[in-house]
Amino acid sequence: DAGVHSKAWYAATCDRKMAEDALYRSNKDGSFLIRKSSGQDSRQPYTLVVFYNRRVYNIPIRFIESTRQYALGREKNGEERFDSVAEIVENHQRTSLVLIDSQNNTKDSTKLKHVVRVS
């Protein structure tokens, strides 16, 4: 269990469009929620959705079978790994999360600050 189901930031029944709409409505940098990933893939069970600088970022959360841990984004050397999705959230409430915009080739960073609930 990823430790998500009792959390305020977990939007269990939310799809990508609902998540993005909710974050645009919040319009606060550092607003976030976690939703189930669109593709039902056990290696990428969740997506961290973050609002920053009038943009919404969908960051895949990967499940690493060999270590039974979670990591953000594409696999990379020296990446941070966590024992639960809740640990990812707690970590990035304290330390900045790098947001990469591959279309505009820009990098930003923000902490996870405001939990967005999808109504």
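Bear in mind these aren't lab numbers, they're just calculated from the coordinates by the rules spelled out. The model shown is predicted, which means the values in this text are computed figures rather than measured ones. Positions of Cβ are generated from backbone atoms using ideal geometry, with glycine treated the same way; all protein chains shown enter the neighbour counts.
Can you give the direction-averaged projected area of the convex hull of the alpha-carbon atoms in the stretch 34-87, in nm²? Don't jump to the answer; show the numbers that get you there.
Details: hull surface 16.8 nm².
Dividing the Cα hull surface by four gives the mean projection, 4.2 nm².
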Legend entry - Square roots of five times the Cα gyration tensor eigenvalues for the chain, Å: 20, 17, 13
Legend entry - Within the chain: Cβ-based charge dipole about Cα centre, in debye rounded to nearest 20 (Lys, Arg +1; Asp, Glu -1): 320
Inset, instruction - May I ask you to list the aspartates and glutamates whose Cα is less than 17 Å away from that of LYS113, ignoring any residue fewer than eight positions away on the same chain? - result: GLU20, ASP29, GLU87, GLU90
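Going through the stretch 18-53, which trypsin sites (Lys or Arg not before Pro) have at most 14 other Cβ atoms within 10 Å and a DSSP loop state? Can you show the working numbers first?
Values: sites: ARG25, LYS28, ARG35, LYS36, ARG43; in loops: LYS28, ARG43.
Within the stretch 18-53, the qualifying trypsin sites (Lys or Arg not before Pro) (loop, at most 14 other Cβ atoms within 10 Å) are LYS28, ARG43.
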Legend entry - Whole-Hz couplings from phi, Karplus 6.51/-1.76/1.60, listed for the stretch 92-108; x for Gly and Pro: 7, 7, 9, 10, 5, 9, 7, 10, 10, 9, 6, 6, 9, 6, 10, 10, 10
Inset, instruction - Averaged over every viewing direction, what's the projected area of the C-alpha convex hull for the stretch 66-119? Give it in nm², one decimal, please. - result: 5.4
